[in-house]
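Just below is one structure, and these are the notes that go with it.
The values are calculated or read from the model by the stated rules, or taken from the named source; none is laboratory data. Values in this document were obtained by computation on a predicted structure and should not be read as measured data. Using ideal geometry, Cβ is built from the backbone for each residue, glycine included, and neighbour counts are taken over all protein chains shown.
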Ligand code: GLA
């Protein structure tokens, strides 16, 4: 691991760590609010992530420290671990330990030190990065031998059942299964993946993340409400998941549903179709500019049908497109966070200026920017030959 991660661990715990894992945050090119509907997603890992350095304990104590929250580590006995017991970032790490123990795996206690550079609250899945870094590190530390797909499930269960956020499986999959230079095409029904090569730089393009820096509002409650609305639609329509509907089924399905459930269904069904269209274009080697209209359509659908956008997200997407972006859309759960724009690399400065000015004119916070390239999924630091 880096000497900085090792020194930070030693500074807190007075001994060197045994090993460390890094797991990335993610963007999502397309496929939003489809992952809990058995649908398709197309995320990618980003270079920013979380590193978890760990050292085993044999006394059943779990201690968690973070460079982002200096101070004494949070400490809890394995026997006392229970949902809601630890707030904040420590809760995500503790949830992973709890989930491994719940599966009957030999969990003995551990010291954990976390350090990350994923902007918080930007919709780039810093929490999934944290969970996955800890899951990978603990699997390695305790020689559990869990396959990546199981680590995805462990991290996702930690977030669902320990933290209490009813997220789907996209973020943890992106953090653990991504490949550098590729987008991760994931079918969340059967969890099959395809790594789709994506090199916008070869076309003079890049992906610009616009972090609106708007406070998240009501995210958790609204997210859970959307899930309930989708479940309600499935009950009425007699399908096991919205994935079972094709665009051709929409007129008949919508006729049986009342607002807002009808528009939620329209979003999910058309969004799945947009993911497939995007993957088809990229697979045939098309100029990535051609996915721009699909990104714009996804934004409109999230704004008007799924109603998870915000004035900050809409303003950023509109300003980017007005400045020449080929497509721009909100990413992640919504109600704040980031917009992803596909732009000509030589328009980066002009796009940023336009987005900044757009926010200022609307009286909104000044956005922050990040240019991202598809990065590798989680792994030990430094990388080791033959490790998971
Ligand atoms: C959040 C969740 C994901 C996914 C997105 C919306 O990021 O954690 O599982 O549902 O929202 O696509």
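A single member of 139, 190, 171, 153 is in a helix (DSSP H, G or I) and either farther than 24 Å from residue 382 by Cα or modelled with pLDDT under 95 (or both), and it is 153. Which of the residues that make up the stretch 346-364 are on the phi < 0 side of the Ramachandran plot and loosely packed, with under 14 Cβ neighbours inside 10 Å? Correct list: 346, 349, 350, 353, 357, 360, 361. Test residue 299 against the criterion of being within 16 Å of the ligand (Cβ to nearest atom), at pLDDT below 95 and within 19 Å of the chain's Cα centre (by Cα), and give yes or no. For residue 299, the condition - within 16 Å of the ligand (Cβ to nearest atom), at pLDDT below 95 and within 19 Å of the chain's Cα centre (by Cα) - is not met.
For the condition part of a strand (DSSP E or B), more than 16 Å from the ligand (Cβ to nearest atom) and either modelled with pLDDT under 95 or closer than 18 Å to residue 295 by Cα (or both), residue 371 qualifies. Across the stretch 322-334, the qualifying residues are those that are under 14 Å from residue 300 (Cα atoms) and in contact with a helix residue (DSSP H, G or I) (Cβ under 7 Å, 6 or more places away or on another chain), and the one among them that is nearest to the ligand (Cβ to nearest atom) is 334. Residues in the stretch 263-295 that are surrounded by fewer than 19 Cβ atoms within 10 Å (Cβ to Cβ) and without any contact (Cβ under 8 Å) to a residue 60 or more places away in the chain: 263, 270, 273, 277, 280, 281, 284, 285, 286, 290, 293.
For every residue, the table says whether it meets (1) outside any helix (DSSP H, G or I); (2) under 23 Å from residue 36 (Cα atoms); (3) not assigned by TED's automatic domain parsing to the domain that holds residue 34.
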{"position": "240", "(1), (2), (3)": "yes, yes, yes"}
{"position": "251", "(1), (2), (3)": "no, yes, yes"}
{"position": "259", "(1), (2), (3)": "yes, yes, yes"}
{"position": "277", "(1), (2), (3)": "no, yes, yes"}
{"position": "289", "(1), (2), (3)": "no, no, yes"}
{"position": "296", "(1), (2), (3)": "no, yes, yes"}
{"position": "312", "(1), (2), (3)": "no, no, yes"}
